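First up is the structure itself, then whatever we jot down about it.
The values are calculated or read from the model by the stated rules, or taken from the named source; none is laboratory data. For clarity, every value in this text was computed on a predicted model and none was experimentally measured. Neighbour counts run over all protein chains shown; Cβ positions are idealised from the backbone, glycine included.
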Amino acid sequence: MKRILVCITGASGAIYGVRSIEALNEANIEVHLVVSKWGKKTLQYETGVSMAELASKVHEVYDEENLAAKPASGSFHLDGMLIAPCSMKTLSSIANGFADNLVSRAADCSLKEKKPLVLVTREAPLNLIHIRNMEKVVEAGATLFPASPAFWSKPSSIEELVDSLVDRILTHLGINEETAIEWDGDI
């Protein structure tokens with residue numbers, strides 16, 4: 001069974017993390033979870049989902065301050081890591097190798113172990129510092145995945161918009177072989 005670490009940080013867009021966990025469960029993936037302090041607040045505010053409810057959907061939950069937790073070591077096997085949403089603070093920590101909490105340390109391990117690391121950034125507009133940090137993480141091997149859903153599929157709800165992005169995220173994590181929603185070139 002594949003094992004994916006999902007992290008939710010304090011940027012807006014907690015629904016992407018929640019729905020990714022649900023989709024990974026549907027795909028029979030072992031899901032591990034870290035939610036930052038501000039991620040917990042944003043999760044509750046934006047989705048109404050409690051930590052207890054989210055914890056019931058994953059294999060194991062880790063405290064972001066526990067740098068002795070399993071994902072803090074490259075020897076803990078992960079098939080990939082997803083940070084959804086990824087705040088600019090978290091992006092900066094990863095880009096600069098700061099590794100001051102479990103999210104950025106686990107990302108550091110994913111990069112050094114050459115495992116897929118997908119960062120669903122959620123910020124607009126971007127300043128030059130953001131862009132340079134994005135460049136650094138991409139050069140280090142991460143996949144930068146801005147939370148920019150496609151409208152060409154003519155979604156009829158926010159859920160469909162979110163799910164179309166989650167579908168593509170799972171493809172980049174190697175869970176899906178191809179996306180469920182495919183452009184057919186017909187306008």
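Screening SER50, SER12, SER36 for residues that are in contact (Cβ under 8 Å) with a residue 40 or more places away in the chain and closer than 25 Å to GLU160 by Cβ leaves exactly one candidate, SER12. Step by step: first the residues of the range 6-33, then only those that are crowded, with 24+ Cβ neighbours inside 10 Å and polar (S, T, N, Q), then the one that is farthest from ALA107 (Cα to Cα). Which residue is that? Here the answer is SER20. For the range 120-134, what are the residues that are in a helix (DSSP H, G or I), of a type in the set (A, V, I, L, M, F, W, C) and out of contact with any Leu (no Cβ under 9 Å at 6 or more places or on another chain)? Across the range 120-134, the qualifying residues are LEU128, ILE129, ILE131. In the range 175-187, the residues that are under 18 Å from LEU165 (Cβ atoms) form Cβ pairs under 8 Å with partners that are at pLDDT 75 or above and surrounded by fewer than 13 Cβ atoms within 10 Å (Cβ to Cβ), at six or more places apart or across chains, as follows: TRP183/TRP152. Checking LEU67, LEU82, LEU91 one by one, the residue that is part of a loop (DSSP other than H, G, I, E, B) and touching a helix residue (DSSP H, G or I) at 6+ places or on another chain (Cβ under 8 Å) is LEU67 and no other. Any idea which residue in the range 154-175 is nearest to ALA95 (Cα to Cα), counting only those that are of a type outside the set (Val, Ile, Thr) and surrounded by fewer than 16 Cβ atoms within 10 Å (Cβ to Cβ)? Out of the qualifying residues, it is GLY174.
A residue that is in contact with a helix residue (DSSP H, G or I) (Cβ under 7 Å, 6 or more places away or on another chain) and of a type in the set (S, T, N, Q) occurs somewhere in the range 114-123. Criterion applied to VAL120, VAL137 was being surrounded by 13 or more Cβ atoms within 10 Å (Cβ to Cβ), within 18 Å of ILE15 (Cα to Cα) and modelled with pLDDT of 95 or more, and the one residue passing it is VAL120. Residues of the range 148-187 that are touching an Asp or Glu at 6+ places or on another chain (Cβ under 8 Å), of a type outside the set (S, T, N, Q) and under 22 Å from VAL138 (Cβ atoms): LEU173, GLY174. Which of the residues that make up the range 107-119 are aliphatic (A, V, I, L, M) and over 12 Å from the mean Cα position of the chain (by Cα)? Answer for the range 107-119, where residues must be aliphatic (A, V, I, L, M) and over 12 Å from the mean Cα position of the chain (by Cα): just LEU111.
Listed residues ALA147, ALA107; which is among the aliphatic types (A, V, I, L, M), touching a Phe, Trp or Tyr at 6+ places or on another chain (Cβ under 9 Å) and under 23 Å from ILE15 (Cβ atoms)? The match here is ALA147.
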